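*Asks:* The structure under discussion is supplied below as structure tokens; questions concerning it will follow.
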Amino acid sequence: MKGLYHVLFTILLCFFLVQTISAQNMKGKMSGQSSSFVKLIVGDLQQTSGKIISLADAMPAEDYNWRPMEGVRSVSEVYVHIALTNYFLLYYFDIKMPDNMEPGSENTDLEKTITGKKEVMELLKKSFVATQKFLDNYSGADLNTKVELPFGKFTKGQLLMILTGHAHEHLGQSIAYARMNHIVPPWSRKK
């Protein structure tokens with residue numbers, strides 16, 4: 001009987017050892033996948049933010065109040081909207097927003113109040129610097145953690161996709177705005 005218990009104990013010990021090693025390997029693989037995903041987001045956002053900032057800079061200050069039609073965001077409103085959304089999404093990663101942008105602050109309509117090119121550019125650049133700083137230090141370990149936004153529940157991984165998708169969406173809008181004002185995007189100019 002002692003021999004049978006010894007064999008069973010050895011089998012169970014081996015089973016638990018294999019399970020522990022497998023779990024550690026899986027955790028390492030998941031960590032690597034999270035890190036790779038974050039690196040993709042970083043690269044994509046660097047390229048997109050660079051284009052947005054260069055296009056915002058190429059637009060003349062007098063065109064910042066231009067809009068294609070009534071009821072649609074103006075040039076300045078688009079760029080402020082991008083910046084505010086960057087901060088809004090970072091908030092769900094526990095990154096402190098600038099004081100005048102915190103949920104519940106009295107200054108809720110910044111798209112209408114920040115209109116000058118210099119102020120818009122400053123806000124836009126700062127939002128992308130804050131985003132880049134966050135991503136440079138983000139491991140991605142909690143990508144599957146769910147958070148509740150005003151418009152639904154999302155994982156933190158999905159929030160990163162929303163962040164880049166949002167930047168792409170408004171880059172396209174900004175390109176259209178620039179072209180309608182006879183501004184060639186800096187990266188497409190012939191040299």
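Read-outs throughout are calculated quantities, based only on the coordinates presented, and are distinct from any laboratory measurement. Note that this is a predicted model, so its numbers are computed, not measured. Note that we place each Cβ from the backbone using ideal geometry, even for glycine, and neighbour counts take in every protein chain shown.
*Asks:* Please determine whether any residue of segment 138-158 is part of a helix (DSSP H, G or I), surrounded by 13 or more Cβ atoms within 10 Å (Cβ to Cβ) and of a type in the set (K, R).
*Replies:* Yes, segment 138-158 has at least one match.
*Asks:* So, one more: Could you please give the count of residues in segment 30-85 that are assigned to a helix (DSSP H, G or I) and under 16 Å from H182 (Cα atoms)?
*Replies:* Within segment 30-85, residues that are assigned to a helix (DSSP H, G or I) and under 16 Å from H182 (Cα atoms) number 9.
*Asks:* Further question: Looking at T131, T145, T85, T164, which is the one that is within 25 Å of S35 (Cα to Cα), of a type in the set (V, I, T) and touching a Lys or Arg at 6+ places or on another chain (Cβ under 8 Å)?
*Replies:* Exactly one residue qualifies, and that residue is T145.
*Asks:* Suppose we keep only residues that are of a type in the set (D, E, K, R) and part of a loop (DSSP other than H, G, I, E, B) within segment 86-105. Which one would you say is surrounded by the fewest Cβ atoms within 10 Å (Cβ to Cβ)?
*Replies:* Residue satisfying both the conditions and the ranking: D94.
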